[in-house]
Amino acid sequence: MTETILANARLVLPDEVLTGSLKMTDGRITAIDPGGAVPPGALDCGGDLVMPGLIELHTDNLERHIEPRPKVDWPHAAAIIAHDAELASVGITTVFDALRVGSVTSNAKANYGEYARSLADEILGLRAAGALRISHFLHLRAEVCSETLIDELEKFGAQDRIGIVSLMDHTPGERQFRDVTQLRNYVCGKHGFSPAEFEDHVAAQKALKAKNGAVHEAAAVAAARRYGAVLASHDDTEPAHVAQSAAHGAHFAEFPTTVQAARACHDHGIKVMMGAPNLIRGGSHSGNVAAQDLAEADLLDIVSSDYVPSSLLSAALMLGDIWGDPARGIATVTAAPADAAGLADRGHLSLGARADVIRVTRVGNAGAVRGVWVQGRRVG
Ligand SMILES: [Fe+2]
């Protein structure tokens, strides 16, 4: 039997923050007791926050480890292990690693090649070998404006731990790229396009969407069902997008780009996820709605670290300040994502839950993570 007691902690419970102690036995939470006493053998947390391990539904952080410099392909096992350890170090105990499916292979200058199946094999292989500290699931990001989506989806099945399929449409002029200026800066910077080449690229992408969009969308919805995965929408911009996501059965909306879309999500019972970097930087890097505005309008439910893992904890602390309710802030990165992804066994400190727990000292707007337990085992 393995047992750990974290005592004299400020426990972040579902609806309140309470001084007390928490006991983990054989991977589960087995006791929660109020009071500041430190029993023999317990770890004295000295008033630190103790909260559920954070749950990250959408991160492409692995890409930074695999390609640490442009065109440098780092050995993947080492990259995945470093990514896993980085997430543990910032308090994330469950991650849905985002992998794009749906590639463009016929455009000589702006290819988006297939990689998801082989990288999924590598992540799942390391997990099976016990090489990873935290709990990993996959999040397939299905790009409908692509050439190969159906073939790529068919390579996955119910055994692949796919928890989420999100429907993406990055066609120029739509959604995230409704304002083509943002896309021009991004694409021309990345691929070195001339203005004429950019116009050709835009025309080609629009033609691709017209040809494949509807079939791809239906295939991704069917694939999610086949995998047993939750469906998410991405970059919904207009209420009509949201109505369509609702018809597909989306559980949550990634990064709606306008207040109107976020409000429509709530009208349809769809939870709204926003990026932590957007909240921390005070706006979206692609010119869309500010996460703080949605938070103040009670239209923000879930936070994702997107491209900066450490932003998840900082954003949750900030939201607690904005709402004057620390437990509610933490819920956006624990209970809310667990619920949206259909994970009933984690995301809350309660009796019988998985003992995925972190200890945090607050330093200004940042959180210093001083202890990480996954299923009761210390991993950081
Ligand atoms: Fe997007």
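The values are calculated or read from the model by the stated rules, or taken from the named source; none is laboratory data. Everything numeric in this text was worked out from a predicted model, so none of it was measured. Because the Cβ atoms are built from the backbone with ideal geometry, glycine has one as well, and the counts that use them run over all protein chains shown.
A few notes on this one:
- Hits in the stretch 9-49 (condition: in contact (Cβ under 8 Å) with a residue 40 or more places away in the chain, part of a loop (DSSP other than H, G, I, E, B) and within 23 Å of Val333 (Cβ to Cβ)): Leu13, Pro14, Asp15, Glu16, Gly27, Cys45, Asp48
- Looking only at residues of the stretch 250-267 that are more than 16 Å from the ligand (Cβ to nearest atom) and more than 19 Å from the chain's Cα centre (by Cα), we find that the one that is surrounded by the most Cβ atoms within 10 Å (Cβ to Cβ) is Ala264.
- Qualifying residue in the stretch 355-364 (condition: surrounded by fewer than 22 Cβ atoms within 10 Å (Cβ to Cβ) and more than 30 Å from Thr25 (Cβ to Cβ)): yes
- All of (1) aliphatic (A, V, I, L, M); (2) closer than 27 Å to Val333 by Cβ; (3) assigned to a loop (DSSP other than H, G, I, E, B) hold for Leu99 with one exception: (3).
- Residues that are of a type in the set (D, E, K, R), modelled with pLDDT of 90 or more, in the same structural domain as Thr257 (by TED's automatic domain parsing) and not in a helix (DSSP H, G or I) do not occur anywhere in the stretch 176-185.
Here's the yes/no breakdown for (1) within 14 Å of the ligand (Cβ to nearest atom); (2) in contact with a helix residue (DSSP H, G or I) (Cβ under 9 Å, 6 or more places away or on another chain); (3) free of Cβ contacts under 8 Å to residues at least 40 places away in the same chain; (4) within 20 Å of Val101 (Cα to Cα):
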| position | (1), (2), (3), (4) |
| --- | --- |
| Leu167 | yes, yes, no, yes |
| Gly189 | no, no, yes, no |
| Lys206 | no, no, yes, yes |
| Ala210 | no, no, yes, yes |
| Ala214 | no, no, yes, yes |
| Ala223 | no, yes, no, yes |
| Tyr227 | no, yes, no, yes |
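- Subset of the stretch 361-370 [in a strand (DSSP E or B) and either in contact with a Ser or Thr (Cβ under 8 Å, 6 or more places away or on another chain) or within 15 Å of Glu3 (Cβ to Cβ) (or both)]: Ala366, Gly367, Ala368, Val369, Arg370
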